[in-house]
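All remarks here apply to the structure that follows.
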Amino acid sequence: MEKDERMNTDASCVHSTSVAAGQSAELLHLSRESAGWDWMSFYVRRIVTGDAWESRNEWEERAIVLLGGHAHLDWAGGSQRIGERCNVFDGLPYVVYLPAGERALFAADTDCELAICSVPSTATLEPRLITPKDVSVSLRGGGNASRQIIDIMRPEFPAD
């Protein structure tokens, strides 16, 4: 299989970057250019307890999913503590929607992992915090092919 070192991928797999425990870092980097995608970029970032990370992009809107951990969020909606789960299998997520030009600062109260999805945007929209009570859950399939779907941002969500 051919391997692409820029993304730590081969023809059929994408692997996260190996980062020492206790270190804040980007674990996965899939820019739309490096992934060969037309529209979306996707990243995963770890923030260890006591560290902070700021998200700001002038030309892209972002949905930032707190995969696990507890953080203090400072953003246009104020300052508050977010996170109720240890990992993605332990409850429902908090998500911050940031239109282009908006910023958010995540300060980790515990080790956190964030998934960041970004797309180009020129829309003038409001930032929003999506909490576990705002998402919808449904089951699909059956038997050994059943799965739980968590709709974080449904098609009617006001985003570009």
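The values are calculated or read from the model by the stated rules, or taken from the named source; none is laboratory data. Everything numeric here is computed off the predicted structure, so don't read it as measured data. Positions of Cβ are backbone-derived with ideal geometry, glycine not excepted, and every protein chain shown enters the neighbour counts.
The residues of the stretch 120-131 that are part of a strand (DSSP E or B) and either surrounded by fewer than 16 Cβ atoms within 10 Å (Cβ to Cβ) or without any contact (Cβ under 8 Å) to a residue 12 or more places away in the chain (or both) amount to a single one, Pro120. Looking at this structure, is Ser55 buried (at least 17 other Cβ atoms within 10 Å of the Cβ) and outside any loop (DSSP other than H, G, I, E, B)? For Ser55, the condition - buried (at least 17 other Cβ atoms within 10 Å of the Cβ) and outside any loop (DSSP other than H, G, I, E, B) - is met.
Considered as a group, the residues in the stretch 127-157 that are of a type in the set (D, E, K, R) and touching a Lys or Arg at 6+ places or on another chain (Cβ under 6 Å) include one that is nearest to Asp90 (Cα to Cα), and that residue is Arg147.
How do the pairs read when you match residues in the stretch 16-28 that are free of Cβ contacts under 8 Å to residues at least 24 places away in the same chain with residues anywhere that are of a type in the set (Gly, Ala, Ser) and in a loop (DSSP other than H, G, I, E, B), using Cβ under 8 Å and keeping only pairs 6 or more apart or on different chains? Within 8 Å, the pairs are Leu28/Ser16. For the stretch 1-52, a residue qualifies if it is basic (Lys, Arg), at pLDDT 80 or above and in a strand (DSSP E or B), and the qualifying residues are Arg45, Arg46. If you go through the stretch 132-156 and keep only what is assigned to a loop (DSSP other than H, G, I, E, B) and surrounded by 10 or more Cβ atoms within 10 Å (Cβ to Cβ), you end up with Val135, Gly141, Ile152, Met153. If I ask for residues that are under 13 Å from the mean Cα position of the chain (by Cα) and not acidic (Asp, Glu), which ones from the stretch 107-128 would you list? Cys112, Leu114, Ala115, Ile116, Cys117, Ser118, Val119 - these are the residues of the stretch 107-128 that are under 13 Å from the mean Cα position of the chain (by Cα) and not acidic (Asp, Glu).
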